[in-house]
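Please treat every number below as a calculation from the coordinates, not as lab data. This is a predicted model, so every value here is computed, not measured. In this analysis, Cβ positions are derived from the backbone assuming ideal geometry, glycine residues included, and neighbour counts consider all displayed protein chains.
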Amino acid sequence: MKTLIVYGSRYGATTGTSEEIAKTLREEGFTVQVVNAKEEKVDDISEYELIIVGSGMKIDRWTKEPENFLKKFRKKLAKKKVAIFVSSGVQAIYEYEGNTEAMGRAWRKYLKEKAEKYSLNPIAMAIFGGVLNFSKMGWMARKTVGQLWRKFEEAGFEKKNENYDTRDWDAIQNWAKELARKVRA
């Protein structure tokens, strides 16, 4: 199964997540190409049977490059097997707190509305944890997200080199394995 993963990342979480998805799919026998949409353009998707699009989140917004990819290939993606995911560090806090309202809002806004906007019918969608890198954030983002640092520590996330990494590698691998199963069905 020839697969393309196209992503945009702000602080590196979506890069690592995309690479982990690719690794897992390769272990499942898939041929996978991973493209950082900020560094590389995709001109043709006709050879791919499965296309996965991922984005980092910042202030409830996708990165512009994967969004532009969805816009550019909207009609062709409607005829492909598609999966979408986002990386969101704040999502881990919602899960830790059991804030199902915020989790549902994020699911609708980040995934469901994005799929509807581009007339996609994804076979899989996910919100994974992200990386909050305070040293790379602008002052407004630091002020907003910085108020959450105690919650990250309460939830068991350690701060390393100005970062909180909230990714759950088992969840990412399990999602990719389930995606492989769905594609083969």
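For a distance above 21 Å, tell me the whole-number percent of Cα pairs in segment 86-185 that qualify. Could you put the intermediate results ahead of the total?
On the way: 2112 of 4950 pairs.
Value for segment 86-185 (Cα pairs over 21 Å): 43 percent.
For residue 76 and residue 182, what is the calculated FRET efficiency with R₀ set at 25 Å and r taken between the beta-carbons, to the nearest 0.05? Efficiency computed from Cβ-Cβ geometry: 0.80. Computed 3J(HN,Hα) for segment 96-104, one whole-Hz value per residue from the Karplus formula 6.51 cos²θ - 1.76 cosθ + 1.60 where θ = phi - 60°, is 4, 7, x, 7, 5, 5, 5, 5, x, glycine and proline marked x.
Fewest Cβ neighbours within 10 Å first, please rank 148, 25 accordingly. The partial results should precede the final answer.
Numbers: 148 17, 25 22.
In increasing order of surrounding Cβ atoms, one gets 148, 25.
In the chain, Rg over Rh equals 0.96, where Rg is the alpha-carbon radius of gyration and Rh the Kirkwood radius from pairwise Cα distances.
Nearest 20 debye, what's the magnitude of the dipole of the chain about its Cα centre given +1 on Lys and Arg Cβ and -1 on Asp and Glu Cβ?
Numbers: 35 positive and 26 negative charges, 164 e Å.
Using only the charged Cβ atoms, the result is roughly 780 debye.
Residues considered: 99, 121, 36. Largest GNM mean-square fluctuation over the chain, using C-alpha springs under 10 Å, is found at 99. Counting Lys +1, Arg +1, Asp -1, Glu -1, what net charge surrounds residue 32 among other residues with beta carbon under 9 Å of its beta carbon? Charge balance in the 9 Å sphere: +3. Whole-Hz Karplus ³J(HN,Hα) for segment 120-132, in order, using 6.51 cos²θ - 1.76 cosθ + 1.60 and θ = phi - 60°, x for Gly and Pro? With the stated coefficients, segment 120-132 comes to 9, 10, x, 7, 7, 9, 7, 10, 9, x, x, 10, 9 Hz. Extension gain, residue 115 to residue 45: 0.36 nm times the residue separation minus the Cα-Cα distance gives 23.4 nm. Taking amide H as placed 1.01 Å from N in the peptide plane, the amide H of residue 35 sits under 5 Å from that of 5, 6, 7, each at least 5 places away or on another chain.
Which value at 222 nm does the chain reach when only helices count, each DSSP H run of 4 or more adding -39,500 (n - 2.57), with the total divided by all residues and rounded to the nearest 500 deg cm²/dmol? Working shown, then result.
Working: 9 runs with 79 residues, N = 185.
One gets -12000 deg cm²/dmol as the mean residue ellipticity at 222 nm.
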